[in-house]
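Worksheet for the structure shown next.
Read-outs throughout are calculated quantities, based only on the coordinates presented, and are distinct from any laboratory measurement. Small disclaimer: the values here were computed from a predicted structure and weren't measured. Here the Cβ is made from the backbone with ideal geometry for all residues, glycine too, and neighbour counts use every protein chain on show.
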Amino acid sequence: MSSIRNLKKEVGDITYEVVSDCFTFMLVKDKKDIEKVQGYIAEAIDLRNDLIHRINGFAKEKDIEKRKKYFSKIKEDLYSGMDKTLEKLSKLSKK
């Protein structure tokens, strides 16, 4: 299992990539969709903040299996949440 520090770094890195894609979209595409893209950025940052809060709020658990499940769920939420945001951005770019 990776360390908590690495998990936090992964959350930050993936969030940065999604936000970066959103900013690139705003520079390249029509200005009419800026508010939607800003909403996607807010969603990504809210998800990041929620995940970091969940990571920090974890009580030290002696049972390794419970820890693995807890942090696996956080990773799953990270990837599924950011994927949904990128799908929205992709749909918007196909317009």
*Setting aside same-chain residues fewer than 8 positions from LYS94, which lysines have a Cα under 24 Å from its Cα?*
LYS29, LYS31, LYS32, LYS36, LYS84
*When only C-alpha pairs under 8 Å and at least 6 residues apart count, what is the relative contact order of the stretch 4-93, in percent?*
42
_Neighbour-count order for GLU10, GLU65, fewest beta carbons within 10 angstrom listed first_ = GLU65, GLU10
_Kirkwood Rh and Cα-based Rg: tell me the resulting Rg over Rh for the stretch 42-84, rounded to two decimals._
1.03
_Kirkwood hydrodynamic radius (C-alpha pairs) into Stokes-Einstein, the chain, 25 °C and 0.890 mPa s, D in µm²/s_ = 171
_In whole Hz and in residue order, list the ³J(HN,Hα) couplings for the stretch 70-79 that follow from phi through the Karplus curve 6.51 cos²θ - 1.76 cosθ + 1.60, θ = phi - 60°; x for Gly and Pro._
4, 6, 5, 5, 4, 4, 4, 5, 4, 5
*Taking the chain as the reference, fit the longest principal axis to its C-alpha atoms, fit the long axis of helix 34-56 to the helix C-alpha atoms, and give the angle between the two in degrees, 0 to 90, nearest 10.*
10
*asked:* Using a Gaussian network model on the chain with a 10 Å cutoff between Cα atoms, which of ASP63, ASP13, ASP50 fluctuates the most?
replied: ASP63
*Could you work out how far apart the two model spin labels at LYS68 and ASN6 are, taking each label as a point 7 Å from the Cα in the direction of the beta carbon, and quote it in nm?*
1.5
*Considering only ASN49, THR15, ILE74, whose Cα is most displaced toward the positive end of the charge dipole of the chain, charges sitting on Cβ of Lys, Arg (+1) and Asp, Glu (-1)?*
ILE74
